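Values quoted throughout were computed directly from the atomic coordinates according to the rules given, and no laboratory measurement underlies them. For clarity, every value in this text was computed on a predicted model and none was experimentally measured. Neighbour counts are summed over all protein chains in view; Cβ atoms, including those assigned to glycine, are modelled from backbone coordinates with ideal geometry.
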Amino acid sequence: MSAAPILKIAGLQAKVADEVELGILKGVDLEIKPGEIHAIMGPNGSGKSTLAKVLAGHPGYEPTDGSVTFAGEDLLEMEPDERSLAGIFLAFQYPVDIPGVSIANFLRTAVQARQPEGEDLDIFEFSDHLTERMEMLEMDVSFAERHVNDGFSGGEKKRNEILQMAMLKPRLAVMDETDSGLDIDALQIVAKGVNKLTEEDPEMSILLITHYQRLLNFIKPDFVHVMVNGRIARSGGPEVAIALEEEGYKTYEGQEAPSTNGSAPAA
Amino acid sequence: MAQATLAPEGVTQALSAEAVERISADEPTWLQERRRHAWSVYETTPMPTTKLEEWRYTDLKKKLDLAPLRLSEGTAAPDDPAQWPERLREAMDEDREASGHIVVIDGHVVHADISADLAKQGVVLGSLQDAVEQHAALVEEHLATEAVPAEEGKFAALNAALWTDGVLLYVPKGVQLEAPVRITRWLTESGAAYLSRVLIVAEQHSQVSYVDEVLSDDFESQTFTSTAVEVIAKDGAQVQYVAVQRLGKGAFYQSVQRTLAGRDATLDTLNVALGASVTRVDLNARLLGPGANSDMLGLYFGDGSQHFDFNTSQDHIKPNTASDLLYKGALDGSSRAVFRGIIRVYPGAQKTDAYQTNRNLLLSPHARADSLPNLEIEADDVKCSHGATVGELDSEAKFYLMSRGLNRTQAERLVVMGFLGEVLAKLPLGGVVEKVSRVIEQKLAQHEG
């Protein structure tokens, strides 16, 4: 396992863009190699969703120190769209509704953006591919004509995120609390979709961000990190999640992060 | 009669009693008299000022100078597409199927066609000036009488006195036109006043869609276009009236529109305003027969210093009538929009359903929208609602789209088109949606450029 990491986060600090102080991320270190599935767990307010947003380039957060390298490039220098084209995908915790814009139209524009300069997307090919992906995710084809997240149930929104992921084929998918607000059936459908995608592309890496261990029963992580107070407090294998389920986050309360870098231990 | 010491407001060298006489010299007596009457109304009606609620946000003293205007005297262009301006032909090429066409260049109808089959069934589509001779009884009955008489206001009076040409569309009883009729207008004369009329009469249970597009390049000096639109849908008729305004800078576009819907008639309108420096539309939908129904749609996209003023009324005169108004606009640069709408439910017009919505999307911190919805209800068993919003481009939506690889321009375009698309989706006439989408995309591209 000597492959170069696809994502390397070193000493990352970040704060809310408009605020003067109060950093949320206080020195995050993390390495993800191609094909690895990592989970970051943590209590509310620990900074795990902030990390997801900083990786995607949300304008509401400002990195203040440290570095993030994605596929050898300085990620923090890139615009959100450039990050997406480079292969980062953020499955939103709260997907945004875009009234009047159909999923098909939206995805067509997003897939077109991935075409080489001056090359037009083959509409029929696109449409066949979209249908095929929707079938894979057990979605009705009529879904494509609905307006993006407009009036969607929680489950539909999350499934729509997975559909986008399936269409855009990222190298790293950051899934921000994809399990929140889902009943067990919806959760299983979403997890099944993600597992199919990782089977299809064994090089795709996943960073799961979750409060609960529940999701990890369906998407098996190679590494589990516990985030507390803006730092990774513990890293290990799946057993870390199991321990957490039993002990809760209480163990970590008031605990300072270890001084070692929190990168994944060698498997 | 006492002699006025001051010239009546709005009377200029070109806009004068002499002009009325000159224009009507060869016209039948009834029309000459109608023009003279309109002129007297014009002379005695003061120019609207911002003291009037309906003109509060559009200061004509600053926005319109009638004095230097001359009446358009351009000679008629040939009825030969090869000699028409390229942009005019482009606009026509974008239109898909049509039942008939009219081409108006500098106020002259230079071309009119209607499918032979429809002509045989009695459908008339042609120059209003010609119709005065050929369909005298019809024109005399409806022109500037019940829908937009001179008494409607200063501009209605001016138009009724000095109109030079226009369009007549007549659809006999029971005749249904599957494809729309398309009117394409092109203006070239800078500094001219164009006064034109549209008269649409749809007899019982007939069906027709009418699409009127006006376009020009930018003008060096202010150019005034005035249109009086009269749409009459008799019992059970179904009529769609669409106006697409794509004039260049320097144009003052003014349109007074009245729609009269008879028993169980459906009379829908769509006003699209994309161009001109100033746009003022007065639209009055009158639901005259029980069961009449009007959807009133509007869409505008402003940039630079464009100014839009929409003044609408939904008059429910008889019971069981329905109207649904949706006006949406996006405003960039330092453009500005005013929407003022009123729902009037007359005494006895029970079971009225009336809705009115105006939504604005501001794309720039310097853009501004004012929305003034109003209700006047004199019946007690009605369903009425109105709503207005002014919002900014949602930055979360933009981030969401960018996180999927769309660049800033594409993301904004998608959000804006989605916002405005709701209006077009309600009246999906072939060609109109694509055309309007393309123009808006061009405007958005300039915004980012």
Worksheet entry | Bins of 10 Å from zero: percent of alpha-carbon pairs in the stretch B:17-288 | 7, 31, 38, 21, 3, 0
Discussion item. Given contacts defined as C-alpha pairs under 8 Å and at least six residues apart, what's the relative contact order of chain A, whole-number percent?
Written reply: 27 percent
Practice prompt. Once every Cα of the stretch A:96-246 carries one equal point scatterer and solvent is ignored, give the base-10 log of I(q)/I(0) from the Debye formula at q = 0.18 Å⁻¹, two decimals.
Written response: -1.12
Worksheet item: Scanning chain A for chymotrypsin sites (Phe, Trp or Tyr not before Pro) in DSSP loops with at most 16 other Cβ atoms within 10 Å, what's the longest stretch left with none?
Response: A:1-211
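List the pairs from A:Lys158/A:Lys250; A:Lys15/A:Lys196; B:Lys120/B:Lys234; A:Lys53/A:Lys196; A:Lys48/A:Lys169; B:Lys63/B:Lys435 whose alpha-carbon separation is above 32 Å, in the order I gave them.
On the way: A:Lys158/A:Lys250 30 Å; A:Lys15/A:Lys196 36 Å; B:Lys120/B:Lys234 21 Å; A:Lys53/A:Lys196 25 Å; A:Lys48/A:Lys169 23 Å; B:Lys63/B:Lys435 29 Å.
Beyond 32 Å: A:Lys15/A:Lys196.
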Worksheet item: Got a sec? Which residues in the stretch A:35-50 would a label at A:Lys220 touch, if it sits 7 Å along Cα→Cβ and we count backbone N under 20 Å?
Response: A:35-41
Discussion item. Inside 10 Å of the C-beta atoms of A:79-85, what's the mean count of C-beta atoms belonging to other chains?
Written reply: 6
Worksheet, complete the sentence: Here the stretch B:332-344 yields Karplus 3J(HN,Hα) values (6.51, -1.76, 1.60; θ = phi - 60°; whole Hz; Gly and Pro given as x) of 10, x, 10, 6, 8, 10, 10, 10, 10, x, 9, 9, 10
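Taking the Cβ-Cβ separation of A:Ser67 and B:Glu396 as r and a Förster radius of 45 Å, what is the calculated FRET efficiency to the nearest 0.05? Can you show the working numbers first?
Numbers: r = 27 Å, r/R0 = 0.59.
Calculated transfer efficiency: 0.95.
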Worksheet item: In nm, to one decimal, how far is the B:Lys351 label point from the B:Glu220 one, both placed 7 Å along Cα→Cβ?
Response: 6.1 nm
Worksheet item: Say each of A:Lys250 and A:Ala3 gets a label point 7 Å from the Cα, pointing the same way as Cα to Cβ; how far apart are those two points in nm?
Response: 4.0 nm
Worksheet item: What spacing in nm lies between the two simple spin-label points modelled at A:Asp18 and A:Thr131, each 7 Å away from Cα in the Cβ direction?
Response: 4.7 nm
Worksheet item: the stretch B:94-129 to the stretch A:1-64: how many Å between their Cα centroids?
Response: 65 Å
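Out of all DSSP beta bridges with both ends in the stretch B:17-288, state the antiparallel percent to the nearest 5. Provide the component values of the computation, followed by the final result.
Working: 10 of 81 bridges.
The antiparallel proportion sits near 10 percent.
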Worksheet, complete the sentence: For the stretch B:144-161, in residue order, the Karplus 3J(HN,Hα) values (coefficients 6.51, -1.76, 1.60; θ = phi - 60°; whole Hz; Gly and Pro = x) are 6, 10, 8, 8, 10, x, 4, 5, 5, x, 4, 6, 4, 5, 4, 5, 5, 7
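Under the rule of -39500 (n - 2.57) per DSSP H run of 4 or more residues, summed and divided by the residues of chain B, what mean residue ellipticity at 222 nm is obtained, to the nearest 500 deg cm²/dmol?
Numbers: 11 runs with 107 residues, N = 449.
Helix contribution divided over all residues of chain B: -7000 deg cm²/dmol.
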Practice prompt. Would you work out which of A:Ala52, A:Gly11, A:Met167 lies farthest towards the positive end of the dipole of chain A, given +1 charges on the beta-carbon of Lys and Arg and -1 on that of Asp and Glu, about the Cα centre?
Written response: A:Gly11
Worksheet item: Based on Cβ point charges of +1 for Lys and Arg and -1 for Asp and Glu, what charge dipole magnitude is obtained for the protein assembly as shown about its Cα centre, in debye rounded to the nearest 20?
Response: 1120 debye
Fill in: Spatially proximal lysines relative to B:Lys61 (Cα-Cα < 16 Å; intrachain offsets below 8 disregarded)
B:Lys51, B:Lys154
Worksheet item: When the Kirkwood hydrodynamic radius is evaluated over all pairs of different C-alpha atoms of chain A, what value in angstrom, to one decimal, is obtained?
Response: 19.1 Å
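Cα convex hull of the protein assembly as shown: how many Å³ per residue? Please report the intermediate quantities before stating the final value.
Details: hull volume 139.7 nm³, N = 716.
Cα convex hull per residue, to the nearest whole number: 195 Å³.
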Item to complete: Mind jotting down the distance between the C-alpha centroids of the stretch B:243-283 and the stretch A:123-186, whole Å?
Response: 41 Å
Practice prompt. Kindly write out, for the stretch A:85-99 in residue order, the coupling ³J(HN,Hα) from the Karplus curve 6.51 cos²θ - 1.76 cosθ + 1.60 (θ = phi - 60°), rounded to whole Hz, with x marking Gly and Pro.
Written response: 5, 6, x, 9, 10, 10, 7, 6, 5, 10, x, 8, 8, 10, x
Worksheet entry | Restraint check, B:Lys328/B:Lys398; A:Lys33/A:Lys192; B:Lys249/B:Lys398; A:Lys157/A:Lys220, Cα-Cα greater than 24 Å | B:Lys249/B:Lys398
